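One structure is given below, encoded as structure tokens.
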Amino acid sequence: MQNQLHSGGTVGRLIIDAITRFADRPVLADGHVAWTYRELGRQIGLYMAFYRSLGLGKGSGIAMVTGNRAEAWASVCAANILGMRHTHLHPMAGEDDHAQIIDDAKANVLVVDGRRFAARGQALKARCRSLEHLVSFGPVEGAHDITAAAETLEPAELVEENEPEDTVLLTYTGGTTGRSKGIMLPHRALAAMTLTIAGEWEWPSTLRYLAMTPISHSAGIKLYPIMLRGGYARMIDGFDKQTFCEVVEAERITATFLVPTIITTLLQDRALLQRHDLSSLELIIYGAAPMSPDRLREATELFGPVFMQLYGQSEAPECITTLRRADHDLSRPERLGSCGKPTALCEVKLLDSELNEVALGEPGEICVRGPLVMNGYWGLPELTAETFRGGWLHTGDVARRDAEGYLYIVDRTKDMIISGGFNIYPREVEDVLASHPAVVSAGVIGVPDPKWGEAVKAFVTLRDGRSATEAELQAFVKERRGAPWSPKSVEFVTELPLTGLGKLDRKALRAPYWEGQTRAVS
């Protein structure tokens, strides 16, 4: 009785309430369709009826590989209300990665975008043991066309019977450190995330949001709080800087989410930005990867004081900490390197390997607890126990805290370089290199070295028309950070490898140097 008395807070309830409250407001458009909240609700009801016709319901697993389209979001909402656990497949990942995730997640149904992923869906249906149904948006041979079939049904009533601890999202890590792991996020965690983002973030009073990075990841999960606030979301299927500027201008977009690599790309085409009226943008959320303070300063000078940083991870999504717009103070340049302060529902401590809280200014692992935290890793109880040791979620990120309570992420524990007995975090070197006037971006790794154990190696991209030498950049880092941080070698490249989420892929940088060897830090 006590558990029932204090239970509540599900994603399905949030969706249903938003549709009821904001029925006639515009909610979603993708260049092909444009829906009000009422129309979205009808579409969700049709998809619920369709899934039930296939014998699917609470406890079923749905995997999806789609582009940014309105039907994909309606399908997610239908699964949320029905009590199905949904798993997004990254649209840029390979077939083997998709197959491994589907089999591990024990997904019963795969939903694909018929415009882009028909062949991929057919191949996965043929090789994945758990799949009972292939469903498509639009006609695909061997698949149920959900858009056609749903229109032959009566919409189901939007009523859900989920519990807060039921798994609603089974999301998988990016796999840059090995096989992807399934992260069990219950309704409780996504509801806590939604309420935190809706309440704490500095949303414009007129909320018109642009989603152009994959809705399978961070851009999409923000649709929950946007709906809670009665906002509108415009989807673009993939980043194109010209399209970005045109849509922001034409639709008077007020908020968007950008990864740092996209911001850097925009900064390199000032002429394009000046040809378009982007003054409607009141909030640019950034995150998912580190951004150098110098690039952030450039962006603030160009777009104005509209930037807000999120820090989270799949195990505690989106809002462990926030660096607010007011914190992006160009007169306090050191603050631009911070990821902000913990949000209200997150308890955060920086702990050492013995689970002791580190002293002010000292590096420690970011450890989190609160309603935002996952229920564990799917089918991996030992890893779950290790990640939750001492009653904390161990994020694997290392940070320092200043006297005002701001956190500064140093790097991932696995990326730390041990060189000559010094612990060197790549981001510390990357930020210094990025402050050089000739440098656009930098990636730093440790490579095997007979003298130092590991030597600091930098990969650098240069601005158009600018030049720098290896010796110049080595001296630049030595002067500003110290000799141990100065790269022993610098390689100039035209571009840095990125993961599908736009993060620097250090695994790809390290691969040629560590084949057949084991790093001290992994």
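Ranking Ala434, Ser314, Ala399 by how far each Cα lies toward the positive end of the dipole of the chain (charges on Cβ) leaves Ala434 at the top.
Its Cα centre serving as origin, the chain has a Cβ charge dipole (Lys and Arg +1, Asp and Glu -1) of approximately 140 debye. Dimensions of the stretch 58-217 from C-alpha coordinates, computed as largest minus smallest value along each principal axis and given longest first, are 45, 45, 31 Å. Counting only alpha carbon atoms, the long axis of helix 470-480 and the longest principal axis of the chain meet at about 90°. The stretch 478-499 and the stretch 8-57 have Cα centres separated by 48 Å. Of the beta bridges in the chain, as assigned by DSSP with both residues counted there, near 55 percent are antiparallel. Residues within the reach of a label modelled at Glu347 (point 7 angstrom out along Cα to beta-carbon, backbone nitrogen below 20 Å), restricted to the stretch 382-403, are 385-397, 399, 401. On a per residue basis, the chain carries 41 Å² of accessible surface, using protein heavy atoms and a 1.4 Å probe.
Summary of the geometry: the stretch 397-466 and the stretch 119-151, compared by the centres of their Cα atoms, lie 45 Å apart. First measure r as the distance between the Cβ atoms of Lys58 and Asn356, then evaluate 1/(1 + (r/R0)^6) with R0 = 60 Å and state the FRET efficiency to the nearest 0.05. The computed FRET efficiency comes out at 0.90. Placing one equal scatterer on every Cα of the chain and applying the Debye formula, the log10 ratio I(q)/I(0) at q = 0.09, 0.10 Å⁻¹ is -0.66, -0.82. With a threshold of 25 Å on the Cα-Cα distance, the over-threshold entries among Lys341/Lys457; Lys181/Lys451; Lys241/Lys341; Lys222/Lys341; Lys106/Lys414; Lys58/Lys125 are Lys341/Lys457; Lys181/Lys451; Lys241/Lys341; Lys106/Lys414. Evaluated with a Cβ-only charge set (Lys, Arg +1; Asp, Glu -1), the stretch 275-412 carries a dipole of roughly 300 debye about its Cα centre, given to the nearest 20.
The local environment of Gly12, defined by Cβ-Cβ distances under 13 Å, has a net charge of -2 under the rule Lys, Arg +1 and Asp, Glu -1.
Taking a ≥ b ≥ c as the square roots of the eigenvalues of the Cα gyration tensor, the stretch 2-65 is classed as oblate, since a/c reaches at least 1.5 and a/b does not exceed b/c.
Working note: 222 nm ellipticity from helices only, DSSP H runs with n ≥ 4, each -39,500 (n - 2.57), summed and divided by the residues of the chain, gives -9000 deg cm²/dmol to the nearest 500.
Peptide packing for 442-452, 91-101, 347-357 was compared via the average number of neighbouring C-beta atoms within 10 Å per residue; ordered from the highest value, the list is 442-452, 91-101, 347-357.
Descending by average beta-carbon neighbour count within 10 Å, the peptides 56-63, 401-408 line up as 56-63, 401-408, the highest first.
Could you please state how large a percent of the accessible area of the chain is carbon and sulfur, counting protein chains only and using a 1.4 Å probe? After summing per-atom areas, the C and S share lands at 49 percent. In the chain, the longest principal axis of the Cα atoms and the axis of helix 241-251 are about 50 degrees apart. When the stretch 341-468 is described by a simple charge dipole with +1 on each Lys and Arg Cβ and -1 on each Asp and Glu Cβ, the residue from Met416, Val348, Gly376 located farthest towards its positive end is Met416.
Helix 37-53 axis versus longest C-alpha principal axis of the chain: approximately 70°, rounded to the nearest ten.
Of the residues Leu504, Pro225, Ala359, the one whose Cα sits farthest towards the positive end of the charge dipole of the chain is Leu504 (charges of +1 on Lys and Arg Cβ, -1 on Asp and Glu Cβ, taken about the Cα centre). Charged side chains reduced to their Cβ positions (Lys and Arg at +1, Asp and Glu at -1) give the stretch 367-463 a dipole of some 40 debye around its Cα centre.
The values are calculated or read from the model by the stated rules, or taken from the named source; none is laboratory data. None of these values were measured; they are calculated from a predicted model. Reconstructed Cβ throughout: ideal geometry from the backbone, glycine too, with neighbour counts over all protein chains shown. Calculation scope for accessible area: heavy atoms of the full protein, side chains included, ligands and nucleic acids excluded. Shrake-Rupley method; radii C 1.70, N 1.55, O 1.52, S 1.80 Å.
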